[in-house]
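See structure below.
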Amino acid sequence: MPDAPFPEYTLFITGPTYVRPEVRAAGAWPEYGHRDRENAKRFEPIFTDLAAIAALPADHRTILFLGSGSTAMEAAVRSLVADGETILHVSMGAFGDLWHKISLENGKKAVLLAVEPGRAATVEAVEAAMDAHKPAVVAVTHNETSTGVTNDVVALGRAIKARGALAVVDGVSIFGGAPSGIAASGCDMYCTATQKSLGLNAGFGIGFVSPAAIDKAHHVTARGHASDILAHLDRAAKFQTQSTPNVSLGNQMWLQLEYIVKEEGIEARFARHIAMRDQTEAFVRALPGYDLFAEEGRRSPTVTTVAVPGGMTFSDLKAVKEAMRAKGYLFDPGYAKLNEDFEAAGKRPIFRIGHMGDITPAMLQGFLDVLGEALPKR
Ligand SMILES: *Cc1c(COP(=O)(O)O)cnc(C)c1O
C-alpha cells in the first residue's frame with residue numbers, strides 16, 4: 001500500500017468522522033459486480049444489520065440511496081408530498097433549515113416552524129403549527145448537528161401521527177449512536193447516512209420506510225428516478241441498490257455493521273455515546289467562562305456545543321482550529337452560518353465537539369486534554 005501524501009488528523013468534527021483502521025483496510029478488499037451473487041454476501045448482512053440497529057418493525061423496508069443523508073431527505077420529500085399538499089418543517093437549526101430548502105427547491109409547498117437555536121421542539125409548538133398549516137407531512141430533525149440538540153422524536157412522532165400526517169425524520173447525525181425510535185414514534189421515513197455515527201465513509205443515504213409511506217408514494221406524481229422510494233424497493237428486496245454503488249464502501253460497511261451488531265453490541269454502542277456526552281459535559285463545566293449551549297435534558301449523545309466566553313470571537317475559534325491541527329486533531333469551530341448570525345446579533349459564538357461513531361472515551365479524553373490547553377483562558 002503506498003504511503004498517503006496527505007497528513008493524518010483524528011477527526012472530532014461532526015461528520016465525516018473517525019474511521020477505524022480495520023474499516024479503512026476493508027476498503028482494499030476485492031471489488032465485485034453489484035448484480036452478481038457476490039453482492040448479496042456483503043449486502044444481505046448490511047440490510048439485516050441496519051434493521052437491527054434501527055430496531056426496525058418487520059413491515060418496514062430499508063433503502064440504500066447512492067449519495068448521502070440529504071439524498072434520502074430529498075427522496076422523502078419527492079416521494080411523500082403530493083401536489084397541493086403542505087409539508088411542515090420543524091427546524092432547530094441549520095439542518096432543519098436545509099430540509100425546508102430542499103422541499104422548496106423541489107417545488108413543494110413547504111412551511112417552517114423555527115425553534116430557537118439550542119432548544120428542542122415541543123409537542124405543543126408542533127401541534128399548533130399543524131393546526132395552522134394542516135400539513136400532510138411533517139419533517140423533524142432527530143439530532144440538530146449545528147446546535148447539539150436531540151429532539152424527543154417518539155413524542156413528536158406520536159403527536160404528528162395523532163393529527164393524521166406522515167412523520168419523516170432526519171436522523172443523519174445520530175443513527176448508530178442512539179435508538180432510532182422508529183417503532184415507538186410511528187415514523188414513516190427515517191433518513192440517515194453512513195459517515196456520522198455509523199463510523200464509515202460517506203456514500204449511501206439510508207432510508208427506512210413504513211407501509212404507510214409506500215402506500216402514500218403511489219399517490220404522488222413526479223417522484224423522479226433516484227428520489228422515488230418505490231423505484232428502489234424491488235432492488236432493495238434483493239439487497240441491491242438502484243444503480244452502481246461504491247463497492248469499496250460495501251466491503252467496509254459489511255465489516256463495520258457486523259462489528260457493531262456482533263462485537264461491540266448495539267446497546268453497548270448507545271451507552272458509549274451517552275458516556276462520551278457526559279464526559280464532554282464534565283469537561284465544559286470545568287472550563288471557566290465556557291457554557292454548555294444546548295438545552296439541559298436534550299443534549300446530544302453525538303455532538304456537544306459550547307458557548308465561548310464573552311469577547312471571544314468566531315475568528316478566535318478558527319485560530320483554535322489551527323492550534324489543534326498542529327496537534328494532529330481536526331477541531332470544529334462551529335457551524336459557520338450560525339456563528340455569523342450569533343455574532344451579528346451580539347451573541348456568543350459556539351464550537352462543537354463531535355463524539356460520534358467509533359471514537360472511544362479514551363480518545364475523547366486525549367482530545368479534551370489538548371483542547372483544554374488550546375482554548376483561551378478567561
Ligand atoms: C450531516 C447532516 C445532514 C446532511 O447529510 P449529508 O450526508 O451530508 O447529505 C443532514 N442532516 C443532519 C442532521 C446532518 O448532521
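The values are calculated or read from the model by the stated rules, or taken from the named source; none is laboratory data. Because the structure is a prediction, the values reported are computed rather than measured. Here the Cβ positions follow ideal geometry from the backbone for every residue, glycine too, while neighbour counts run over all protein chains shown. Calculation scope for accessible area: heavy atoms of the full protein, side chains included, ligands and nucleic acids excluded. Shrake-Rupley method; radii C 1.70, N 1.55, O 1.52, S 1.80 Å.
In whole Å, how far is the Cα centre of region 179-240 from that of region 12-87?
Using only Cα atoms to place each centre, the spacing works out to 8 Å.
What translational diffusion coefficient, to the nearest whole µm²/s, does the chain have by Stokes-Einstein, given a Kirkwood radius computed over alpha-carbon pairs, a temperature of 4 °C and 1.567 mPa s viscosity?
So the translational diffusion coefficient is about 61 µm²/s.
Enumerate the helices in the chain for which the Kyte-Doolittle hydropathy averages -1.0 or more and the C-alpha atoms extend at least 27 Å along the helix's axis, using complete DSSP H runs.
Counting only whole DSSP H runs, the qualifying helices are 266-285.
Provide, for q = 0.15 Å⁻¹, the log10 of I(q)/I(0) from a solvent-free Debye sum over equal Cα point scatterers in region 266-374.
So the normalised log intensities work out to -0.63.
At 0.36 nm per residue, and after removing the present C-alpha to C-alpha distance, how many nm does the segment from Asp83 to Ala183 gain when stretched out fully?
33.2 nm
For region 318-349 and region 271-312, what is the separation of their Cα centres, given in Å?
Here the two parts' Cα centres lie 15 Å apart.
Using the basic label-point model (7 angstrom from Cα toward the beta carbon), what is the Lys262 to Asp3 distance in nanometres?
Here the modelled spin labels are 3.6 nm apart.
Just to make sure I understand: if all protein chains stay in place, what is the order of Arg163, Arg78 by accessible area at 1.4 Å, largest first?
Arg163, Arg78
Check each of the trypsin sites (Lys or Arg not before Pro) in region 164-226 and keep only those in coil by DSSP with at most 11 other C-beta atoms within 10 angstrom; list them in order.
none
Given the chain, what percent of its DSSP beta bridges are antiparallel, to the nearest 5?
In the chain, approximately 50 percent of DSSP beta bridges are antiparallel ones.
With an 8 Å cut-off on Cα pairs and a minimum separation of 6 or more residues, tell me the relative contact order of the chain in percent.
24
Given R₀ = 35 Å, FRET efficiency for His219-Glu124 by Cβ-Cβ distance, to 0.05?
Once the sixth-power term is evaluated, E becomes 0.70.
For the full complex of protein chains and a 1.4 angstrom probe, list Trp29, Trp99, Trp254 by accessible area with the highest value first.
Trp29, Trp254, Trp99
Might you work out the accessible area of Glu105 for me, using a 1.4 Å probe with all protein chains in place, and round it to the nearest 10 Å²?
120
Tell me, what is the 1.4 Å probe accessible area of His225, in Å² to the nearest 10?
130
Stokes-Einstein at 25 °C, 0.890 mPa s, Kirkwood radius from Cα pairs: D for region 1-45 in µm² s⁻¹?
183
What distance in nm separates the simple spin-label points at Asp36 and Asp131, each placed 7 Å from Cα in the Cβ direction?
Between Asp36 and Asp131, the simple spin-label model gives 6.1 nm.
Using the per-residue mean of other Cβ atoms lying within 10 Å as a proxy for protection, in what order, highest first, do the peptides 183-191, 119-127, 294-302 fall?
The most tightly packed comes first, giving 183-191, 294-302, 119-127.
Quick one: how many Å² of Glu263 are accessible to a 1.4 Å probe, rounded to 10?
Looks like 140 Å² after rounding.
Specify the residue with the greatest mean-square fluctuation among Pro288, Pro309, Pro16, computed from a Gaussian network of the chain linking alpha-carbon atoms under 10 Å apart.
Answer for the Gaussian network model of the chain: Pro288.
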